[in-house]
Amino acid sequence: MEVTRFLSIPAFYDEVESFLLEQEDRAGLMLGNSLRFKDKVWEEEQPFLATVKKDGEIMLAAMLIPPYALLLLEKDEADGVGAVPYLVDYLVKEDYAIQKLNSPKAVGRAFSEEWTKVHHLEEKVVMDLRLYTLQSVIQPAARTGKLRKATDADLTFLPQWVLEMTQETNQLMTLAEAEEYALERTKNEFLFIWEEDGRPVSMASKTRPNIKGVSVNLVYTPRGLRGKGYASACVAALSEYLLQEGYEFCSLFTDLANPTSNKIYQNIGYNPVCDYIELKFNKKRTEKPV
């Protein structure tokens with residue numbers, strides 16, 4: 001197998017476009033980054049972009065956009081797992097540091113096994129994820145309320161909601177980062193609110209508008225308002241809105257440790273595609289002598 005590194009996202013995307021579009025649902029993260037960052041000028045640390053090929057066919061694609069996690073994507077699981085050692089060898093020879101990984105589970109596990117062995121590290125599972133897609137909405141039980149776009153007036157509470165959600169999902173932000181995130185999502189009209197009797201009770205966001213598909217994330221209902229169907233109503237209404245915008249499908253990730261969210265999304269029409277894993281690599285802890 002042969003590892004090829006690319007020095008720009010446009011060059012990488014030219015190589016992997018068909019590979020990504022043939023599996024756009026599974027490729028949402030990598031495809032989204034390719035489209036989002038294609039014109040970005042990198043002043044400091046450059047992105048890592050590579051493919052592993054066998055007989056001219058892509059077995060594995062890799063992308064790291066600083067400071068985010070390394071993304072891996074394969075089309076065939078066995079081929080992807082078989083390509084991992086070649087990618088790890090290349091990264092070791094280039095003395096490239098990898099601290100985080102987000103990948104389909106089998107390939108991610110294979111990479112972690114190789115990477116932790118070579119560098120004497122240990123893995124920490126940040127989250128076990130499942131990717132779902134939806135092509136038509138199954139409407140949940142009718143309830144009062146409506147979906148609307150977030151406005152500047154909502155920025156009095158949205159940063160706190162974002163902060164609380166990231167605390168629950170182990171993707172920690174500072175309050176300042178949550179304020180910036182909420183402001184950006186509100187300005188680009190990606191953030192939506194479900195309100196009942198004029199009171200905001202849940203939120204969800206459009207994200208990664210790609211070619212045929214678009215994703216939903218940032219689904220959150222404050223603790224005191226849960227169990228009332230607000231998240232189901234919000235995600236169903238947002239998914240319907242996005243399909244009406246012309247997208248062929250919507251996708252989202254769930255935490256497998258949260259059976260409630262997995263159930264409600266399936267109830268409104270989301271079907272499982274594959275499992276992902278999000279990992280961090282840490283130095284091995286050494287026990288102190290007694």
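Readers should treat all values here as calculations from the given coordinates under stated rules, not as data from a laboratory. Quick caveat: nothing in here was measured; it's all calculated off a predicted structure. We place every Cβ from the backbone using ideal geometry, glycine too, and count neighbours over all the protein chains shown.
Tally Lys and Arg at +1 and Asp and Glu at -1 over the other residues with C-beta under 13 Å from the C-beta of residue 265: what net charge comes out?
Values: positive: 130, 263; negative: 255.
Once all neighbours under 13 Å are counted, the net charge is +1.
With both bridge residues required to lie in the chain, what share of the DSSP beta bridges run antiparallel, to the nearest 5%? Write down the numbers at each step before the final one.
Numbers: 53 of 58 bridges.
Antiparallel bridges make up about 90 percent of those DSSP assigns within the chain.
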Please compute the Cα-Cα pair-distance distribution of the range 191-290 with 5 Å bins starting at 0, giving whole percents from short to long. 2, 11, 20, 21, 16, 10, 6, 4, 4, 3, 2, 1, 0
Can you flag which of 40/206; 38/100; 38/280; 124/228 are past 29 Å Cα-Cα? 124/228
Using helices alone, I'd like the mean residue ellipticity at 222 nm for the chain: each DSSP H run of four-plus residues gives -39500 (n - 2.57), total over residue count, nearest 500. -11000 deg cm²/dmol
Net charge around residue 107, counting only other residues with Cβ within less than 9 Å of its Cβ (Lys, Arg = +1; Asp, Glu = -1)? 0
Sort all Cα-Cα distances of the range 2-119 into consecutive 10 angstrom bins from zero, then give the percent of pairs in each bin up to the one containing the longest distance. 14, 51, 32, 3
Using all C-alpha to C-alpha distances in the chain, build P(r) with 10 Å bins and read off the rounded percent in each one. 6, 26, 33, 23, 10, 2, 0
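Nearest 20 debye, what's the magnitude of the dipole of the chain about its Cα centre given +1 on Lys and Arg Cβ and -1 on Asp and Glu Cβ? All intermediate terms of the calculation are to be shown ahead of the outcome.
Values: 34 positive and 44 negative charges, 196 e Å.
Approximately 940 debye in magnitude.
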Given Cα pairs under 8 Å that are at least 6 residues apart, what percent is the relative contact order of the chain? 23 percent
Can you tell me the 0 to 90 degree angle between the C-alpha axis of helix 105-119 and the longest principal axis of the chain, rounded to 10? 50 degrees
May I ask for the longest run of the chain untouched by GluC sites (Glu not before Pro) that are loop-located per DSSP and have at most 10 neighbouring C-beta atoms (other than their own) within 10 Å? 46-244
If the only charges are +1 at each Lys and Arg Cβ and -1 at each Asp and Glu Cβ, what is the size of the charge dipole of the range 1-110 around the Cα centre, to the nearest 20 debye? 340 debye
Would you kindly compute the Cα radius of gyration of the range 134-274 and its largest Cα-Cα separation (Dmax), both in Å? 14.2, 38
Sort out for me the Cα centre separation of the range 151-168 from the range 1-65, rounded to whole Å. 33 Å
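Could you state the per residue volume, in Å³, of the convex hull enclosing the Cα atoms of the range 143-192?
Numbers: hull volume 4.4 nm³, N = 50.
Once divided by residue count, the hull of the range 143-192 is 88 Å³.
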